[in-house]
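What follows is a single structure, and I will ask about it in a moment.
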Amino acid sequence: MRLASKVALVTGAASGFGAEIARTFAREGAKVSLFDLNGEGVRAVAESIGSSAIALRGDVTVAEDLRSAVDKTVEANGRIDIVVNNAGWTHRNQPMFEVEEADFDRVFAVNVKSIYHMSRAIVPLMRSQGSGCIINMGSTAGIRPRPGFTWYNSTKGAVNLMSRSMAIELAPHRIRVNSVAPVIGETAMLGAFLDKPDTPENRARFVATIPLGRLSRPPDVANACLYLASDDAEFITGIVLEVDGGRTI
């Protein structure tokens, strides 16, 4: 098992990429805390995993909720080796000045400021442990931006660069930081990312822009996170790992 004896905390774990990351980590031997605003959903995923998982309800935009998640995970398992900042949000596809300020604030709070809050909660612990792994969920949107998503694109550009900067600053403490950048995926957020109704024809138009000929799937992203979290990647830090079927080439 590639994560035997490891303890992980995954945000946005009630569905989609986050739920699959949690399942994959548990299957590979990790004890996993699943954190999400959707309390019922995250409990269901944790129950499906079994005794190696615990469900924690909270909001990634609230610093106290993240500190509580860290504290409860340590109380249950003694340490935290891996954090996956997976929770994400978007605004709908529209011209940049039609995005309301509240929507702008929300997308930056969930996608960017949450990592600031989590870092303040987890980095002191990882420093005291002498090691740690942080994986931030970026996006191909931060590399190859699409019209209609200017502010969302900007959040993911921030995540991608933030991860590289964190990696440099935290390397002396043996804390690795990387970003995973998926292309649009088969999750509940798919409809928001298409600039037209989610029909087979409109999906096909977007898929035609991906050289490997399909959207990303939760196992694609989970397996990328598994590699970065495992000892196989012990010398890997500061990368943006594109899980995109070649779209950003």
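Derivation of every value follows stated rules applied to the coordinates shown; laboratory data play no part. Quantities reported herein were computed from a predicted structural model and do not represent experimental measurements. All Cβ positions, even for glycine, are placed from backbone atoms using ideal geometry, and neighbour counts span all protein chains on display.
Using the alpha-carbon atoms, what tilt in degrees (0 to 90, nearest 10) does helix 39-49 show relative to the longest principal axis of the chain?
Once rounded, the angle reads 60 degrees.
What nm value, rounded to one decimal, do you get for the distance between Asp198 and Arg27 when each label is placed 7 Å out toward the C-beta?
2.3 nm
Ok, one more. Picking from Arg43, Arg144, Arg205, which is most flexible by a Gaussian network model of the chain using Cα springs under 10 Å?
Looking only at Arg43, Arg144, Arg205, the largest GNM fluctuation is found for Arg205.
Evaluate the distance, in nm, between pseudo-label points positioned 7 Å from the Cα of Ser52 and of Met96 along their respective Cα→Cβ axes.
4.5 nm
Packing-wise, with mean Cβ within 10 Å as the measure, how do 80-91, 214-225, 61-72 rank, highest first? Please report the intermediate quantities before stating the final value.
Numbers: 80-91: 24.7, 214-225: 20.1, 61-72: 17.9.
So the peptides 80-91, 214-225, 61-72, ranked by packing, come out 80-91, 214-225, 61-72.
Let me ask something else. Gaussian network model of the chain, Cα springs within a sub-10 Å range: biggest mean-square fluctuation belongs to which of Arg120, Arg176, Arg57?
Arg120
Which one of Ala171, Ala102, Thr199 has its Cα pushed farthest toward the positive end of the charge dipole of the chain, where Lys and Arg give +1 and Asp and Glu give -1 at the Cβ?
Of Ala171, Ala102, Thr199, it is Ala171.
Right, next: Past 23 Å, Cα to Cα, is the threshold; run Lys6/Lys72; Lys31/Lys72; Lys72/Lys113; Lys113/Lys156 against it and keep the listed order. Please report the intermediate quantities before stating the final value.
On the way: Lys6/Lys72 16 Å; Lys31/Lys72 13 Å; Lys72/Lys113 21 Å; Lys113/Lys156 12 Å.
From the list (Lys6/Lys72; Lys31/Lys72; Lys72/Lys113; Lys113/Lys156), the Cα-Cα distance tops 23 Å for no pair.
I want to check the label-to-label distance for His173 and Asn223. Put each point 7 Å from Cα in the C-beta direction and report it in nm to one decimal.
Placing both labels 7 Å along Cα→Cβ, they lie 3.3 nm apart.
Under the 0.36 nm per residue contour assumption, what length would be gained going from the current alpha-carbon distance of Ala208 and Met1 to full extension? Walk me through the numbers before you get to the answer.
Details: separation 207, 0.36 × 207 = 74.52 nm, distance 3.68 nm.
Result for the pair: 70.8 nm of gain on full extension.
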